[in-house]
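S.K.: Here's a structure for you.
The values are calculated or read from the model by the stated rules, or taken from the named source; none is laboratory data. In this text, all values refer to a predicted model and were calculated from it rather than measured experimentally. Cβ: placed from backbone, ideal geometry, glycine included. Neighbour counts: every protein chain shown. Calculation scope for accessible area: heavy atoms of the full protein, side chains included, ligands and nucleic acids excluded. Shrake-Rupley method; radii C 1.70, N 1.55, O 1.52, S 1.80 Å.
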Amino acid sequence: MNPLTHPFDENGNLTIFPWPEDHYFENPLQCTQWDDVDKSYQIMTNNYGIIDFPFVKGLSYRLNTGFRIKFRDEARYKSMTSGKDD
């Protein structure tokens, strides 16, 4: 970034383009005004059941089951005055 640029205007607000003659580079501080949401949720279970067969001594059956499911919510919120999109 050009060291002669001004990241803030005279009112204290961030400028989108700190160097007015060059609109290629945006203000590197503008990402401080974005709101990022990154949440994840997980449900996990492990189950088992045992069945004993009384008519055959020592015979039993064990059933093991389980599952895991994940959800993720990821979003970025920007104001309309924050410059170009990524």
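S.K.: Ignoring any ligand, DNA or RNA, what whole percent of the accessible area of the chain comes from carbon and sulfur when the probe is 1.4 angstrom?
M.R.: Roughly 55 percent of what the probe reaches on the chain is carbon or sulfur.
S.K.: Would you list TRP19, TRP34 from the most to the least accessible area, probe 1.4 Å?
M.R.: Numbers: TRP19 80, TRP34 50 Å².
Accessible-area ranking of TRP19, TRP34, largest first: TRP19, TRP34.
S.K.: Here's something else I'd like to know. Here are a few candidate values for mean projected area of the Cα convex hull in nm²: (1) 10.2; (2) 6.9; (3) 8.3. Which one was actually calculated from the structure I just gave you?
M.R.: Recomputing mean projected area of the Cα convex hull in nm² here gives the entry labelled (1).
S.K.: Sticking with this structure for a sec: Quick one: ranking VAL37, VAL56 by accessible area, 1.4 Å probe, largest first, what do you get?
M.R.: So the residues, ranked largest to smallest area, are VAL56, VAL37.
S.K.: Keeping all protein chains in position, work out how much accessible area ARG62 exposes to a 1.4 Å probe, and write it in Å² to the nearest 10.
M.R.: Roll a 1.4 Å probe over it and ARG62 shows about 130 Å².
S.K.: Sequence gap at least 6, Cα distance under 8 Å: using those rules, report the relative contact order of the chain to the nearest whole percent.
M.R.: Relative contact order for the chain comes out at 28 percent.
S.K.: Now a separate question. Taking a cut-off of 21 Å between Cα atoms, list the lysines near LYS78, but don't count ones fewer than 8 places away on the same chain.
M.R.: Partners within reach: LYS39.
S.K.: Also, I was wondering about something else. Tell me the per residue accessible area of the chain using a 1.4 Å probe; a whole number in Å² is fine.
M.R.: Here the residues of the chain average 90 Å² of exposed surface.
S.K.: Please give me the summed charge of the neighbours of THR5: other residues whose Cβ is under 13 Å from its Cβ, Lys and Arg +1, Asp and Glu -1.
M.R.: Net charge in that neighbourhood comes out at -4.
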